[in-house]
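Below is one structure, written out as structure tokens, with a few remarks after it.
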Amino acid sequence: MKRINLIVGAVAFAIAGASFANDQWYLGATAGHYDLDSDRAVSGDHKAATIGVQAGKYLTDNIAIELGYGANAGYDDFSVTSLNALVWLGDDSANWRPYLLGGFNQYDFDDTSNLVPGHDDKSDQMMFGLGLGTQLDGAMEVRADIRGMADLDDNDAQDYGFQISLNKLFGKKSAPASAPAPVVAAPVVAEPEPAPEPEVRTITVRLNVEFEFNKDVVLAIYGDQLDAIAAAMKAHEDIDLVLEGHTDSRGSDDYNMSLSDRRAKAVKAKLVSDYGIPAERVSAMGYGETQPVASNASDEGRARNRRVVGELSFSEVYSF
């Protein structure tokens with residue numbers, strides 16, 4: 001009993017010292033079943049079912065200390081007091097997480113007439129366990145674990161148990177920073193609030209037209225992109241467009257340079273003839289195969305490299 005009292009005192013001190021690191025604690029109800037060493041009893045299987053309560057404090061987000069008490073719910077007259085440390089394992093984003101238990105139990109056998117001579121009616125135990133648990137919306141905690149116990153005074157006495165816990169969580173995982181004391185200002189005459197400043201947003205419209213192998217024909221599927229570019233240029237007549245043509249790596253350098261230039265000019269011609277964009281606002285130049293955006297070792301990569309690209313950026317003002 002002296003050993004248990006010392007442990008209780010040490011844990012209480014640790015909880016008080018850790019209160020600034022984590023502010024979460026819990027109260028809960030338990031239901032357990034214990035299969036006690038048969039050598040303790042003169043007769044009977046010496047099994048015990050308990051219901052009880054427990055209280056715990058999280059020292060960190062993954063480590064807690066808890067104190068529990070369970071009383072007889074059937075079989076022999078029996079109660080157990082436990083003091084445990086609990087360590088959660090794995091990623092805290094998972095729904096169900098395993099945990100480890102370690103600590104001390106003290107059994108109290110109310111009916112001492114059934115004990116083997118030499119066994120005390122109280123038994124101090126070292127306990128180890130493994131369980132699985134989850135938190136429900138950060139407010140409730142459900143756990144289930146199996147436990148093995150060894151008598152501190154009788155190394156031959158070994159007991160086993162199973163416990164289910166339902167805990168109500170209080171507080172937060174991390175203590176919030178203290179808010180500064182409010183400053184009381186002298187009364188002033190209220191003035192109308194100024195109108196909010198309009199928000200300026202930068203809009204970017206991108207064009208990426210891909211071509212079939214060894215061709216400079218603009219496919220109809222890129223009509224939506226051309227529509228967007230043309231609409232932006234008509235709305236912002238101060239912005240010019242630069243078109244850059246590219247090829248894959250097949251073919252000679254000179255041929256690819258010429259092909260990339262034809263592709264850029266084909267897109268320009270489309271904007272001028274179909275959308276009425278002045279030719280002087282669109283410039284076109286070819287870069288051949290010198291600026292790939294994907295590997296030329298695959299059909300997919302070469303298809304991405306056969307392209308003409310352009311980009312417009314402009315600012316628009318939004319009022320509230």
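Of note:
- Annotation: lysines with alpha-carbon distance below 19 angstrom to Lys172 (same-chain offsets under eight excluded): Lys57.
- Stokes-Einstein D in µm²/s, Kirkwood radius over Cα pairs - region 199-318 at 37 °C with 0.692 mPa s viscosity: 222
- The packing ranking of peptides 159-165, 90-96, highest mean first, is 159-165, 90-96, where packing means the average number of other beta carbon atoms within 10 angstrom of each residue.
- Estimated FRET transfer efficiency when R0 is 45 angstrom, pair Ala144-Glu300 (beta carbons, to 0.05): 0.30
- Peptides 98-104, 197-203 ranked from most to least packed give 98-104, 197-203, packing being the mean of other C-beta atoms within 10 angstrom over each peptide's residues.
- Between Thr134 and Ala55, full extension at 0.36 nm per residue minus the direct alpha carbon distance yields a gain of 26.7 nm.
Each reported figure results from applying straightforward, stated rules to the coordinates on display, with no laboratory input. Bear in mind the structure is a predicted one, so any value in this text is a computation, not a measurement. Neighbour counts are summed over all protein chains in view; Cβ atoms, including those assigned to glycine, are modelled from backbone coordinates with ideal geometry.
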